[in-house]
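Reading through the structure tokens given below for one structure.
Taken together, the values in this text are just the output of simple stated rules run on the coordinates, not laboratory data. All values derive from a computational prediction rather than experimental measurement. Counting neighbours? That spans all protein chains shown, and the Cβs are built from the backbone with ideal geometry, glycine included.
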Amino acid sequence: MADPTEGSFPEPRAEIMRATYRALREHGYADLTVERIAEEYGKSTAAVHYHYDTKDELLVAFLDYLLERFVDTIRDVETTDPQRRLDLLLDELIFAAEDHRDLAVAMLEMRSQAPYKEDFRERFRGNDEYIRYMIKAVINHGIDEGDFEDVDADHATRGLMTIVDGARTRAVVLDDGDALETARRVADEYVDATLI
């Protein structure tokens, strides 16, 4: 994950997103309040509410903000080689949780709310669909270039996403420091066995 404190949201909304990031890292989802976000923002709660009516509305915007940052990171990859691009994409998906552990915990807390909050569910679903689209596009490109076997790209993508999601969950829930390294190795083994 790229540094979520940067982005192209217009100011002052970008400032509120950065404040939300800091507040989520410090307090987690369960203890997050508009007051704590306003403290990080350095302004009153009224200033936050001027842009977002509710905490949930603000958090939905924050999920959009994070997806935008992820897209920017992937867009910055400067290789068209399918194998290298897939490697870099998997590194970003798996190891981002390591660099932003507090945020990964807060995001898992937010994911647990998705069954009850439709806006959250839509954002997480959209994020998942975009990431699957990116992986599938790389796999299809590799198939077209002859670098990958002619496989069901959708199935291979779902397999890789299962590895990624499982690793992130284990790393956060079980505080399993080896989960990410293990998942990265398993992802390589899966790619070698399935695509190469």
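Structure above, values below:
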{"quantity": "Filter pass, Ala193 being touching a residue at least 40 places away in the same chain (Cβ under 8 Å) and either touching a Lys or Arg at 6+ places or on another chain (Cβ under 6 Å) or among the small types (Gly, Ala, Ser) (or both)", "calculated": "no"}
{"quantity": "Matching option when the condition is in contact with a Phe, Trp or Tyr (Cβ under 8 Å, 6 or more places away or on another chain) and either on the phi < 0 side of the Ramachandran plot or of a type in the set (A, V, I, L, M, F, W, C) (or both), among Leu32, Leu59", "calculated": "Leu59"}
{"quantity": "Members of region 108-142 found to be hydrophobic (A, V, I, L, M, F, W, C) and free of Cβ contacts under 8 Å to residues at least 12 places away in the same chain, listed by number", "calculated": "Ala114, Ala137"}
